[in-house]
Amino acid sequence: MKSTGIVRSIDELGRIVLPMELRKTMDIKKKDKLEIYVEGDNIVLTKHQFSCAFCGSCEDVVDFKDHCICKHCVEELSSI
């Protein structure tokens, strides 16, 4: 794991601010979702990768009524 040398404090509500430079570097935009998980003694944040509700694919995924569906499954559904 690579250290950035950036240290942030947790506020009274348990929040931290990700520095703008880090958000730009990692292409994290306002309203993006991050996954939080634990790896040993480390807390790890990763950009959430949406996957198709039907096949699990992460490629060409679109949002439809709060569900992620890949374009391939959309085509299959429209042929029914």
Practice task
Report whether or not S78 is more than 15 Å from the chain's Cα centre (by Cα) and among the hydroxyl-bearing types (S, T, Y).
Solution key: yes
Fill in the blank from the handout: The residue that is nearest to E76 (Cα to Cα), considering only those in region 31-47 that are part of a loop (DSSP other than H, G, I, E, B), open to solvent by 70 Å² or more (accessible area, probe 1.4 Å) and modelled with pLDDT under 90, is K33
Handout entry: Members of region 14-30 that are over 18 Å from T4 (Cβ atoms) and either assigned to a strand (DSSP E or B) or touching a strand residue (DSSP E or B) at 6+ places or on another chain (Cβ under 8 Å) (or both)
Key = none
Practice task
Inspect region 51-74 for any residue being open to solvent by less than 100 Å² (accessible area, probe 1.4 Å), in contact with an Asp or Glu (Cβ under 6 Å, 6 or more places away or on another chain), touching a residue at least 12 places away in the same chain (Cβ under 8 Å) and not in a strand (DSSP E or B) and give the result as yes or no.
Solution key: no
Handout entry: Cross-chain or 6+ apart pairs with Cβ under 7 Å, region 9-37 first and among the aromatic types (F, W, Y), then outside any helix (DSSP H, G or I) and at pLDDT 90 or above
Key = Y37/V44
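The values are calculated or read from the model by the stated rules, or taken from the named source; none is laboratory data. Note that this is a predicted model, so its numbers are computed, not measured. We place every Cβ from the backbone using ideal geometry, glycine too, and count neighbours over all the protein chains shown. Each accessible area value is taken on the protein alone, full model and side chains, heavy atoms only, with ligands, DNA and RNA left out. Shrake-Rupley method; radii C 1.70, N 1.55, O 1.52, S 1.80 Å.
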